[in-house]
Amino acid sequence: MDLDLGLVADFLVLTEERHYGRAALRLHLTSSALSKRIQRLERQLGVVLIERNPAGVLAVTPEGRRFAADAKPLIAQAGAARENARAASARCTVRLGVPAGTGAILGQIDMGGIAREVRRSFPETRLVRQDIAFPSLTRCLPDHQVDLLWTFAPVRHPVVDSFPLSLASPRVGVVAARHALADAETMKVEDFSEQPILYNPVCPEEWMSQFWLGDIRPRRQARLVETHAGSFTGVLRQAADGAAVIATVTGVEPLLGSAFRAVKLTGAAPVAFHIARRRTDRQGVVNALLEAFRSLSPREPA
């Protein structure tokens, strides 16, 4: 009978926990189901691995200890082979996440040059941009929706590494065409911050605060208007009635059309771009794209 590596992996967890209940909880099984899986493994091997008692506490037999020692590198090698196979099947496509609706800003970066740089080492690479709804910016990498995330702030998650880029963008105000500030080409950011300003309360705070100008005045003084829009286009739709304004980054002008006006904000600190990846992702093509972004130089001022 062939050796079932899934049963082997369960047995190794059981040897670590030394208790059926705890091991079953860790494996998302019932104790009864785990016991049956271990018995099946014992039948495959033809040896007794576990000495059991009614309380669920166990002892590993000498044969079980020897098998566990031999099985650990086997399971590790199988896991590595699985990951390599997955990486090979997807080696031609790298998914780059961007905050939904902000592709026009990313378009100011020489993405063709970045792709060419990556293809020097990985000729078949295809770079695919994927919009990420604002509330999903923290989860998109851990959930494997994308391979890298380009955004306006570091991602705060234990399995994600964020890297600041040498690129930054000034902040601008956006108002409806019929707003009282529509004719103000330039104004102090402190004055603009007194307006009712849109913000999404479910977005990551480190990302959202710079767009409701949290660095200009404390939250208790801000006139915040909630929006649950998950994309920049959705935010614009809510701002179209002129009741609230938007703070964002330069480069959005192509998205505004005749319904909005951009107002230059003096005294506002720029927004720094970041690139993030899963901490455990060691795919060569992902690392190559990460380094291509990190090597970008700041644009010369116009």
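Quick one: is Val235 crowded, with 17+ Cβ neighbours inside 10 Å, more than 19 Å from Ala153 (Cβ to Cβ) and of a type in the set (Val, Ile, Thr)? Spelling it out, it is not the case that Val235 is crowded, with 17+ Cβ neighbours inside 10 Å, more than 19 Å from Ala153 (Cβ to Cβ) and of a type in the set (Val, Ile, Thr). Can you give me the number of residues within segment 144-164 that are of a type in the set (Phe, Trp, Tyr) and not in a loop (DSSP other than H, G, I, E, B)? So the count comes out to 2. Within segment 140-191, restricting attention to residues that are surrounded by 14 or more Cβ atoms within 10 Å (Cβ to Cβ) and β-branched (Val, Ile, Thr), the residue that is farthest from Ala276 (Cα to Cα) is Val175.
Answer yes or no as to whether Leu127 is within 17 Å of His274 (Cα to Cα) and either part of a helix (DSSP H, G or I) or modelled with pLDDT of 85 or more (or both). Walk me through it before giving the result.
Working: within 17 Å of His274 (Cα to Cα): no; either part of a helix (DSSP H, G or I) or modelled with pLDDT of 85 or more (or both): yes.
It is false that Leu127 is within 17 Å of His274 (Cα to Cα) and either part of a helix (DSSP H, G or I) or modelled with pLDDT of 85 or more (or both).
Scanning segment 192-204 for residues that are exposed (fewer than 14 other Cβ atoms within 10 Å of the Cβ) and modelled with pLDDT under 90 yields Pro201, Val202.
Here is a yes/no grid of residues against (1) touching a strand residue (DSSP E or B) at 6+ places or on another chain (Cβ under 9 Å); (2) crowded, with 16+ Cβ neighbours inside 10 Å:
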residue: Glu226; (1), (2): yes, no
residue: Ala247; (1), (2): yes, yes
residue: Val263; (1), (2): yes, yes
residue: Ala268; (1), (2): yes, yes
residue: Ala272; (1), (2): yes, no
residue: Thr280; (1), (2): no, no
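Name the residue that is farthest from the chain's Cα centre (by Cα), counting only residues in segment 130-143 that are aliphatic (A, V, I, L, M) and part of a loop (DSSP other than H, G, I, E, B). Taking the candidates together, the pick is Ala133. I'm trying to understand the selection: among the residues of segment 57-76, which are of a type in the set (Gly, Ala, Ser) and either surrounded by 15 or more Cβ atoms within 10 Å (Cβ to Cβ) or within 13 Å of Leu14 (Cα to Cα) (or both)? Those that are of a type in the set (Gly, Ala, Ser) and either surrounded by 15 or more Cβ atoms within 10 Å (Cβ to Cβ) or within 13 Å of Leu14 (Cα to Cα) (or both): Ala59, Gly64, Ala68, Ala71. The residues of segment 1-39 that are charged (D, E, K, R) and closer than 21 Å to Gly79 by Cβ, listed by number, are Asp2, Asp4, Asp10, Glu16, Glu17, Arg26, Arg37. Would you check if there is a residue in segment 224-243 being without any contact (Cβ under 8 Å) to a residue 24 or more places away in the chain and either in contact with a Pro (Cβ under 9 Å, 6 or more places away or on another chain) or of a type in the set (Ser, Thr, Tyr) (or both)? Checked against the condition, which is being without any contact (Cβ under 8 Å) to a residue 24 or more places away in the chain and either in contact with a Pro (Cβ under 9 Å, 6 or more places away or on another chain) or of a type in the set (Ser, Thr, Tyr) (or both), segment 224-243 yields no hits at all.
The values are calculated or read from the model by the stated rules, or taken from the named source; none is laboratory data. Because the structure is predicted, anything quoted here is derived from the model rather than measured. Neighbour counts are summed over all protein chains in view; Cβ atoms, including those assigned to glycine, are modelled from backbone coordinates with ideal geometry.
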